[in-house]
């Protein structure tokens, strides 16, 4: 029999949500609200995980702890669907095992670690840390630094205002707009950076193609090589560093794949 539980708290300002969950789904929605709502959906299986889940608000810290049965070949951790509605600008800190995380709306900060689950998030005004051992990671805009990683899965970041660290062992890395430096690595997959204009870009792919777009007007120093592939660029290339200096330094390496450095299309404001 399905089980359901709701908790509500008065939260006139942004809060921090801390979640410990082994299996299921976690859906966080940041909305223009002064009330935090926690909904728990589960299935009765001899013991009620819904009732035993701890939901507690202390000051501006909301804690959600799902009971963990621990490792067993015969007993799996209970799956629980958690939905949390919080004020815009709230932060999320989540430790997940095989649960998927979806965040909608604008968060203040995001820190999530999951062993086997996907991570999807929209805009975050502060720093982002999103790591999955086996799953895809996709984040919208990070107003601070961004660290997005997966051992086996694709990694995508629409944009970040500060430094980006993107890493996957087996999968593609896709970055839209980088406001500062970029480090991107994959053992097997393609790496694409849409627009970068300043700082340093360090890219390594053992087996995959690399593409980097350079913002209009940015001076760039290139150090690129591929052992088995082609290197192309539409930038004006010389042997000496420009007298005006360089806004950007790009180092790109791939063992088996093509490298393309190109001038990014001009971006027009609406």
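Listing 260, 52 from the residue with the fewest other Cβ atoms within 10 Å to the one with the most, what is the order?
52, 260
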Quiz item: In nanometres, what is the gap between the two model label sites at residue 134 and residue 34, each 7 Å from Cα along Cα-to-Cβ?
Solution: 4.7
Quiz item: Using the alpha-carbon centroid of each, what span in Å lies between the stretch 111-174 and the stretch 1-25?
Solution: 23
Exercise. Order by neighbour count: 4, 9, fewest other Cβ atoms within 10 Å first, most last.
Key: 4, 9
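Residue separation times 0.36 nm, minus the C-alpha to C-alpha distance between residue 5 and residue 202: what's the value?
Taking 0.36 nm per residue and subtracting the Cα distance, the gain is 66.1 nm.
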Quiz item: Per-residue ellipticity at 222 nm for the chain, helices alone: DSSP H runs ≥ 4 residues times -39500 (n - 2.57), over residue total, nearest 500 deg cm²/dmol?
Solution: 0 deg cm²/dmol
Self-check item: the stretch 95-250 shape via C-alpha gyration tensor axes, a/c threshold 1.5
Solution: oblate
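All of the numbers you see were taken from the coordinates with simple rules; none came from a lab. Model, not experiment: these values are computed from the prediction. Note: ideal-geometry Cβ built from the backbone for every residue, glycine included; neighbour counts use all protein chains shown.
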